[in-house]
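Engineer: My questions will all concern the structure given below.
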Amino acid sequence: MKRIRILIADDHGIVRKGLRLQLQQNNGFEVVGEATDGREAVRMAEELVPDIIIMDIAMPNLNGIQATSQVIKKNPQVGVIILSMHSDETYLTRTLAAGAKGFLLKESADKDLDNAVRSVAQGKPFFSPAIANTLLEDYMRQLQQRGLEDTYDLLTDREKEILQLLAEGKPNKEIAGMLYLSINTVETHRTRLMQKLDLHNSAEIVLYAVRKRIIS
């Protein structure tokens, strides 16, 4: 079985050591390198071509969000999992917009790390459960304040189906093939559901789906 190749990027040696020790306990994982800042992470990602990068958000020389953006531009296949101390929605939106597929809180990394690596390696997004809870609570509060009904119910069954596939990171062409639709039809559904939900880009689609527990 092919092992999942992982690059660790964090400026704290003790954190890198802890992550490496935990990852090496899984026979399906192989730690191929360690970077101490964002620039080194970008360079090593190009040299080593890992499957997964575990990227600290706050690093010197180049932060984790900018490093993620540069890595993904050069190799969109790399699955980046962001490590952060904060479950702030602003961070989340920025990391998703940069192309990250996972977001792990440092406080729960020991519990969630293996699942995060496996999920992202399979092309699925992963978020620490605490983040999904925070987002859901914030979202429900916003709905109550505005006195709105649940916007999800405004979608047709087909739009709900396409929303989930988009949130899972599937491109329009793949969705069209799965649902036996033309690419134009998928794009029309995508435009309509984004208008109904007041979403403006792929990152917001993923965030919405996490809030609504459509993806975990």
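Engineer: If only one of R39, R16 is modelled with pLDDT of 95 or more, over 30 Å from L199 (Cβ atoms), touching a helix residue (DSSP H, G or I) at 6+ places or on another chain (Cβ under 8 Å) and among the basic types (K, R), which one is it?
Structural biologist: That would be R39, the only listed residue that is modelled with pLDDT of 95 or more, over 30 Å from L199 (Cβ atoms), touching a helix residue (DSSP H, G or I) at 6+ places or on another chain (Cβ under 8 Å) and among the basic types (K, R).
Engineer: Something else about it: Of the residues that sit in the range 81-108 and are within 24 Å of K2 (Cα to Cα) and touching a residue at least 40 places away in the same chain (Cβ under 8 Å), which one is most open to solvent (accessible area, probe 1.4 Å)?
Structural biologist: K101
Engineer: While we're here: Select the helices (runs of 4 or more DSSP H) contained entirely in the range 61-133, then report the ones holding at least 1 residues which are within 21 Å of L199 (Cβ to Cβ) and over 11 Å from the mean Cα position of the chain (by Cα).
Structural biologist: 64-74, 89-98
Engineer: For I4, are the conditions met, namely being within 30 Å of D138 (Cα to Cα) and touching a Phe, Trp or Tyr at 6+ places or on another chain (Cβ under 7 Å)?
Structural biologist: It is false that I4 is within 30 Å of D138 (Cα to Cα) and touching a Phe, Trp or Tyr at 6+ places or on another chain (Cβ under 7 Å).
Engineer: Of a type in the set (V, I, T) and under 30 Å from V15 (Cβ atoms) - does that describe any residue in the range 143-161?
Structural biologist: no
Engineer: Do any residues in the range 21-43 that are under 10 Å from L7 (Cβ atoms) have Cβ atoms under 8 Å from those of residues that are assigned to a loop (DSSP other than H, G, I, E, B) and among the hydrophobic types (A, V, I, L, M, F, W, C), where the two are at least six apart or on different chains, and which pairs are they?
Structural biologist: Qualifying pairs under 8 Å: A41/M59; A41/L62.
Engineer: Just give me the residues in the range 172-207 being of a type in the set (S, T, Y) and touching a residue at least 60 places away in the same chain (Cβ under 8 Å), in sequence order.
Structural biologist: Result: S202, single match.
Engineer: Checking A132 against (1) open to solvent by 50 Å² or more (accessible area, probe 1.4 Å); (2) in contact with a helix residue (DSSP H, G or I) (Cβ under 7 Å, 6 or more places away or on another chain); (3) closer than 30 Å to R20 by Cβ; (4) not polar (S, T, N, Q): exactly one of these is not met. Which one?
Structural biologist: A132 satisfies all of (1) open to solvent by 50 Å² or more (accessible area, probe 1.4 Å); (2) in contact with a helix residue (DSSP H, G or I) (Cβ under 7 Å, 6 or more places away or on another chain); (3) closer than 30 Å to R20 by Cβ; (4) not polar (S, T, N, Q) except (1).
The values are calculated or read from the model by the stated rules, or taken from the named source; none is laboratory data. Predicted model only: the values in this text are computed from it and were never measured. Here the Cβ is made from the backbone with ideal geometry for all residues, glycine too, and neighbour counts use every protein chain on show. We work out accessible area using only protein heavy atoms, side chains counted, and drop any ligands, DNA or RNA first. Shrake-Rupley method; radii C 1.70, N 1.55, O 1.52, S 1.80 Å.
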